[in-house]
1. What is the mean number of Cβ atoms from other protein chains located within 10 Å of the Cβ atom of each residue in peptide A:35-47, rounded to a whole number?
2. Rank-order B:79-91, B:35-47 by packing density, defined as the average count of other C-beta atoms within 10 Å over each peptide's residues, highest first.
3. With θ set to phi - 60°, apply the Karplus curve 6.51 cos²θ - 1.76 cosθ + 1.60 along the stretch A:81-90 and write out the HN-Hα couplings as whole Hz, x wherever there is a Gly or Pro.
4. Taking loop as defined by DSSP and a crowding limit of 16 other beta carbons within 10 Å, which GluC sites (Glu not before Pro) in the stretch B:25-92 fit?
5. Quick check: residue separation of B:Thr5 and B:Lys69 times 0.36 nm, minus the Cα distance between them. What number comes out in nm?
6. Evaluate the charge dipole of the protein assembly as shown about its Cα centre and quote only its size in Debye, nearest 20, assuming +1 on the Cβ of each Lys and Arg and -1 on the Cβ of each Asp and Glu.
7. Stokes-Einstein D for chain B at 25 °C, 0.890 mPa s, Kirkwood Rh over Cα pairs, in µm²/s?
8. For the protein assembly as shown, build the charge dipole from Cβ charges (+1 Lys, Arg; -1 Asp, Glu) around the Cα centre, then report which of B:Ala2, A:Ser51, A:Gln41 sits farthest towards its positive end.
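The values are calculated or read from the model by the stated rules, or taken from the named source; none is laboratory data. This one's a predicted model, so the numbers in the text were calculated from it and none came from an experiment. Using ideal geometry, Cβ is built from the backbone for each residue, glycine included, and neighbour counts are taken over all protein chains shown. For accessibility, only protein heavy atoms count, side chains too; no ligands or nucleic acids. Shrake-Rupley method; radii C 1.70, N 1.55, O 1.52, S 1.80 Å.
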Amino acid sequence: KAGVTQTPRYLIKTRGQQVTLSCSPISGHRSVSWYQQTPGQGLQFLFEYFSETQRNKGNFPGRFSGRQFSNSRSEMNVSTLELGDSALYLCASSSYQPARIDSNTGELFFGEGSRLTVL
Amino acid sequence: DAKTTQPPSMDCAEGRAANLPCNHSTISGNEYVYWYRQIHSQGPQYIIHGLKNNETNEMASLIITEDRKSSTLILPHATLRDTAVYYCIVRVGSRNTPLVFGKGTRLSVIA
């Protein structure tokens, strides 16, 4: 079964531009989360989507947004890019479903990430 | 903030067992212990998780103390490909709460 696919893998933007990153979860997974990884702050949670609804949001400014489509694919957008937005952006999918009261313990499966460089 | 404490780095000889400790003294009754690892420039990889009992899978074993305040991840026969940063995370398993990553332990497997 294919893993989590993120595109593009690498991209370079300049300050003030905006960027859209895409994530295709593992087939059958409906929960998608996004994380940012920088050398200074480490891995930090951005947001989580299930059934096209944002369920959780991390402590990031409004320039960071996301959405999820009916096929569970997700995109995140960063507007008005700043130098500090240079990072590895990671998407993770999970088989978690809120209405299920079973033993699903929600392990996340990560993609390889999109490495964004802002000049 | 991460609820776990791990040593920043460890070395292990190739072929030997790597034992990575983690302290989680404030763990709640419904929180699981998860282990992930991240090989350079790749996304984190799920290894194993547990609640109370020791767990084993094809990658590793997880030993959780009886009071659940600490655990040890064991890679039984470390290889050079196991060189990575290992993260110990506590998290409520029944809800999809975000993973809170600390700084992890950088394991270097030496030939």
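1. Working: counts 5, 0, 4, 0, 0, 0, 1, 8, 13, 4, 5, 1, 1.
Average per residue, whole number: 3.
2. Values: B:79-91: 20.0, B:35-47: 18.2.
So the order, starting with the most tightly packed, is B:79-91, B:35-47.
3. 4, 10, 4, x, 7, 4, 5, 9, 9, 10
4. On the way: sites: B:Glu31, B:Glu55, B:Glu58, B:Glu66; in loops: B:Glu58, B:Glu66.
For GluC sites (Glu not before Pro) across the stretch B:25-92 that sit outside H, G, I, E and B with at most 16 neighbouring Cβ atoms in 10 Å, the list reads B:Glu58, B:Glu66.
5. In short, 22.0 nm is gained.
6. Details: 23 positive and 17 negative charges, 96 e Å.
Dipole size: approximately 460 debye.
7. Values: Rh = 13.9 Å.
Rounded, D is 176 µm²/s.
8. About the Cα centre, the residue reaching furthest to the positive side is A:Ser51.
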